[in-house]
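The values are calculated or read from the model by the stated rules, or taken from the named source; none is laboratory data. Small disclaimer: the values here were computed from a predicted structure and weren't measured. Neighbour counts are summed over all protein chains in view; Cβ atoms, including those assigned to glycine, are modelled from backbone coordinates with ideal geometry.
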Amino acid sequence: MFKKIFAGLFIVCLLTLTGYSLYVDHTATNQPQTPTTINKDFQASATPTLFVHGWLGGGFTFNPMINQLAAKHAGGKVMTVTVSTTGPINYYGHLNKKMANPIIQIVFKRNSSFYRQEAHWLQQILVTLHKRYGVTSYNAVGHSWGGNALVNQLLLDSNASTPKLHTLVLLGAPIDGAMHEGTPFATNNRPTRQSKNYRRLVARKSVLKRNRAIRIFNVYSTLDGKLTDGAGANTQAQAMRYLVQGQVEHYQEQKLADLTHSQLHSKGTVTNLIAHDLWQH
């Protein structure tokens, strides 16, 4: 009898804690944070910025950074877009052209999907933002595979119905997963090892000429003196060079030191860098 009572109490407690954690994740993820007056150190714009997490990420990935940006009065979250495990897309919050530096957080509930699938979802989201809210241009910040999803959407999925990308910030994005630490590049920045998906991107890189004014910042980090952030080699991120050279007017690599892969989406120094790249140029 005692064992049955104990087991029952354990299950009740487990369900209660699970429900509470889901509630906290939901409210922390979906609660809009309408921007107040933008700090004079930052340029105010109605252009929304999408934050896209990486593999196995979620609302928790960018919540610290988004909160830091709100505390700086650099921008604030006005909308969360969640892609359910079965595909339907839900929009929480609102967006209008009177908002200053609005942030839209993208959350993939099926967070282990390949980034090609996530790129398709991003295309759907961008088309909806255009039709429903009149969005014609956007910024984007992508961590790890979230950065890959953004690049894949841009080169392989975008069309005339897609808003134009203004500024893209990549954080530890392994653009060519076939490259390893120390793998050399050819003299023209061409990766000497290329994944199947990277070759698809190479075949479509001229698409970038449609929007040569796009600004791309490629952020990656070393760790313990090695050319890796502990999860991805710097060469995987540097493969972006070959895609953009001769195609866009502004591309900049920003190499940081002693940051892990996960710290690239949460560390205050990275937040400051992103705020500068987005709103202080």
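Name the residues in region 82-109 that are part of a loop (DSSP other than H, G, I, E, B) and touching a strand residue (DSSP E or B) at 6+ places or on another chain (Cβ under 8 Å), would you? Step through it out loud before you land on a result.
Let us first name the residues in region 82-109 that are part of a loop (DSSP other than H, G, I, E, B), namely 84-88, 94-101, 109.
Across region 82-109, the qualifying residues are SER84, HIS94, LEU95, MET99, ASN101, LYS109.
Here is the figure for region 16-56: residues that are at pLDDT 90 or above and either among the acidic types (Asp, Glu) or touching a His at 6+ places or on another chain (Cβ under 7 Å) (or both) total 6.
Being among the small types (Gly, Ala, Ser), surrounded by fewer than 16 Cβ atoms within 10 Å (Cβ to Cβ), more than 23 Å from ASP157 (Cα to Cα) and in the same structural domain as VAL270 (by TED's automatic domain parsing), is that true of even one residue in region 211-227?
Here is the first cut: in region 211-227, the ones among the small types (Gly, Ala, Ser) are 213, 221, 225.
Adding the requirement that they be surrounded by fewer than 16 Cβ atoms within 10 Å (Cβ to Cβ) leaves 213, 225.
Those left that are additionally more than 23 Å from ASP157 (Cα to Cα): 225.
Those still in the list that are in the same structural domain as VAL270 (by TED's automatic domain parsing) too: 225.
For region 211-227, residues among the small types (Gly, Ala, Ser), surrounded by fewer than 16 Cβ atoms within 10 Å (Cβ to Cβ), more than 23 Å from ASP157 (Cα to Cα) and in the same structural domain as VAL270 (by TED's automatic domain parsing): present.
Looking across region 170-184, just one residue is among the acidic types (Asp, Glu) and within 16 Å of LEU154 (Cα to Cα), and that is ASP176. LEU156 passes every criterion in (1) outside any strand (DSSP E or B); (2) closer than 16 Å to GLY58 by Cβ apart from (2). Of the listed requirements (1) surrounded by 13 or more Cβ atoms within 10 Å (Cβ to Cβ); (2) outside any loop (DSSP other than H, G, I, E, B), GLN252 misses just one: (1).
From the list VAL107, VAL151, VAL127, VAL78, which one is out of contact with any His (no Cβ under 8 Å at 6 or more places or on another chain) and within 29 Å of GLY268 (Cβ to Cβ)?
Numbers: VAL107 fails: out of contact with any His (no Cβ under 8 Å at 6 or more places or on another chain); VAL127 fails: within 29 Å of GLY268 (Cβ to Cβ); VAL78 fails: out of contact with any His (no Cβ under 8 Å at 6 or more places or on another chain).
The conditions single out VAL151.
Condition first: surrounded by 24 or more Cβ atoms within 10 Å (Cβ to Cβ) and not β-branched (Val, Ile, Thr). Can you find one or more residues in region 80-93 that meet it? No, there is no match, as no residue in region 80-93 is surrounded by 24 or more Cβ atoms within 10 Å (Cβ to Cβ) and not β-branched (Val, Ile, Thr). Looking across region 113-134, the residues that are out of contact with any Ser or Thr (no Cβ under 8 Å at 6 or more places or on another chain) and of a type in the set (Val, Ile, Thr) come down to ILE125, THR128.
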